[in-house]
Amino acid sequence: MPKVKSIVKIVGTIKGITYYFLNGKPVSREANPPTKDQIYNDPHFATVRANTKEFGGASILSKAIRNGLGENEKLFKDTRFSSRLTGACRAVIQKGHGTPGERKAHLANTPEALKGFQLQKSQIFNRIFPGTPITTTNANQQLITILIPKLNVAPKKGISNNTTHFRLIAAISTVSSHKWHRKSQKYQPTRPKANGLGAMAVTEPLLCNSDYQNINLVVANPIKQSPFQFPKIKLFPRAVSNPIAITVWLGITFGSVEDGNYKLQENPRAMECIAVL
């Protein structure tokens, strides 16, 4: 084994050579990374395999949310939004039941992982929006309502002098619970037809520095239910959790009204997840 003769003490791998100390003396050796076969089959890499599978599941879960947000993602996101959202979804899977690497992924089980999540990390929604939104839904979740009891939006410093109005955007994204499928070797939604759907509601342009009360934004759930479907009869019914989670988002933009049209200003604009139903 080669010894390192240098006054500079290095620990780590540089250009394929690993430097470390053995019995108090610096030595080096050529790094031997694990082979693909080892990673996929060696029991010593079980944790690596589990992390890889769950990271893939987090990416799939993140994609479903982004699909539901649609154009709102493009309007509000920053360059690292996708990776940040995947990280939040990874935290959801880590809290799921089952064997590591195959744990169930359901947003409704860990709503705190997404609540308060910003599409634009540098534009914090509650620092721009001074109201307190209240989210409610009816019994079958056909309608999601966001109520703002009181609101007076004053443009922040740095906003263009031409800014006179603001708009509120409510959006929802439906996300099915996901399970690991051994045959396909990836996470798949338990309710594919209800996964990644979205809907939104937008206010008319509202004047800044004006008092508003009881602003309501009502969003219709895009999941279609057949009115002629006969209910299944169960001799021993039991409570079953809803396999569909609904992420609820609220955003704000600023602009001005010219010739009856709302002219959007580039910044600030912000949107955050305010609830997971």
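The values are calculated or read from the model by the stated rules, or taken from the named source; none is laboratory data. Keep in mind that what you see is a predicted model, and the values were worked out from it rather than measured. Every residue, glycine among them, receives a Cβ derived from its backbone with ideal geometry; neighbour counts consider all protein chains shown.
Run down THR145, THR132, THR174 and say which single residue is within 30 Å of LEU207 (Cβ to Cβ) and assigned to a strand (DSSP E or B). Spell out how you get there, then give the answer.
Working: THR132 fails: assigned to a strand (DSSP E or B); THR174 fails: within 30 Å of LEU207 (Cβ to Cβ).
On inspection, the qualifying residue turns out to be THR145.
Are there helices (runs of 4 or more DSSP H) fully within region 46-118 with at least 1 residues that are out of contact with any Ser or Thr (no Cβ under 9 Å at 6 or more places or on another chain) and closer than 30 Å to GLU266 by Cβ? List them. Break it down stepwise before answering.
Details: elements: 46-69, 71-76, 81-94.
Correct list: 71-76, 81-94.
Test LYS183 against the criterion of being in contact with a Pro (Cβ under 7 Å, 6 or more places away or on another chain) and in the same structural domain as PHE254 (by TED's automatic domain parsing), and give yes or no.
Considered against the rule, which asks whether it is in contact with a Pro (Cβ under 7 Å, 6 or more places away or on another chain) and in the same structural domain as PHE254 (by TED's automatic domain parsing), LYS183 comes out as no.
Given LEU147, LEU197, LEU151, which one is out of contact with any Leu (no Cβ under 7 Å at 6 or more places or on another chain), closer than 30 Å to GLY98 by Cα and aliphatic (A, V, I, L, M)?
Working: LEU147 fails: closer than 30 Å to GLY98 by Cα; LEU151 fails: closer than 30 Å to GLY98 by Cα.
Unique residue meeting the criteria: LEU197.
Examine region 120-128 for a residue that is out of contact with any His (no Cβ under 6 Å at 6 or more places or on another chain), more than 26 Å from ILE215 (Cβ to Cβ), assigned to a helix (DSSP H, G or I) and assigned by TED's automatic domain parsing to the domain that holds GLY57, and state whether such a residue exists.
No, the conditions are met nowhere in region 120-128.
Would you confirm whether or not region 82-99 contains a residue that is over 15 Å from the mean Cα position of the chain (by Cα) and surrounded by 18 or more Cβ atoms within 10 Å (Cβ to Cβ)?
yes
Scan region 141-176 residue by residue and report those that are modelled with pLDDT of 95 or more, surrounded by fewer than 22 Cβ atoms within 10 Å (Cβ to Cβ) and of a type in the set (S, T, N, Q).
THR145, ASN152
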